Amino acid sequence: QVWSIASAEANSNIFSIGTQDNGTNIHNLDYNNSTDNWMKVQGGDGFTTVIDNHNTGIVFHSDAQSIQTRLLRSNDYGITWNNNTNLIASLGVVADDSEFPIVQDPEIPNRIYAGFDDLWRSDDYGDHWTKISDLHVPQKNIKTIAICNAKPSNIYINYSSTVWFPAPLENMFWYSPDGGSHWYDRTAGLNAVYGGIISGIAVDPYKPNIVYVSFRCGTPKIMRSLDYGNTWSDLTSGL
């Protein structure tokens with residue numbers, strides 16, 4: 001099973017996938033030392049994979065099943081991996097979910113975010129980390145991180161829930177307008193959705209006030225907010 005796909009914005013010939021039991025694999029049409037242009041660069045489970053937006057040689061691999069919250073970085077297209085040092089081992093965090101999210105800042109190349117029980121930020125490609133939320137959410141693990149491309153200080157996150165039911169749910173969907181200095185609970189406006197699970201968040205690339213949330217399973221829906229998640233409308237009709 002493919003858990004994640006990452007593409008290199010600077011080079012459309014390069015992308016990577018994280019696969020169940022079969023590690024992280026890179027497809028690189030510019031690199032000939034691999035069968036059919038595929039190269040397996042990490043074993044075990046490959047969950048979240050990220051390719052740097054500016055330097056296509058920098059790749060991240062997460063595997064929280066074989067080693068809890070393991071995050072590795074390669075600076076050479078996956079040939080070597082940061083001396084096999086776990087970039088987040090010193091944080092003392094444990095992922096309740098194997099597929100913890102990793103997102104790169106769209107403007108600052110060396111800045112990445114990782115979601116566990118709280119949101120963490122690194123300004124040096126994962127060598128050092130700072131916790132930028134302290135939300136005390138009982139669900140324990142962040143599932144999705146979404147950042148506005150034009151204004152990356154605007155961040156949306158959601159916590160996992162087995163099913164979005166029964167309402168009212170608490171502390172599941174959050175918004176920060178200032179890079180994590182302040183957080184606002186935006187769950188209440190989504191409590192009209194019953195029986196689904198949040199499967200994705202998308203922010204308008206130019207207008208951080210416009211955000212979309214998709215729900216899967218029992219009640220598949222697309223919800224849209226025009227006011228930073230304060231109120232929501234249902235866009236599902238016609239899909």
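The values are calculated or read from the model by the stated rules, or taken from the named source; none is laboratory data. No experiment lies behind these values; they were computed from the predicted model shown. Cβ sites come from the backbone with ideal geometry, for glycine too, and all protein chains shown count toward neighbours. Quick note on the areas: whole protein, heavy atoms, side chains included, nothing else; ligands and nucleic acids left out. Shrake-Rupley method; radii C 1.70, N 1.55, O 1.52, S 1.80 Å.
Number of residues in the stretch 194-239 that are under 12 Å from residue 146 (Cβ atoms), touching a Ser or Thr at 6+ places or on another chain (Cβ under 6 Å) and either of a type outside the set (Ser, Thr, Tyr) or open to solvent by less than 20 Å² (accessible area, probe 1.4 Å) (or both): the value is 3. In the stretch 183-192, the condition of being in contact with a Lys or Arg (Cβ under 7 Å, 6 or more places away or on another chain), outside any strand (DSSP E or B) and buried (at least 17 other Cβ atoms within 10 Å of the Cβ) is met by no residue. Filtering the stretch 139-151 for residues that are without any contact (Cβ under 8 Å) to a residue 40 or more places away in the chain and part of a loop (DSSP other than H, G, I, E, B) leaves a non-empty set.
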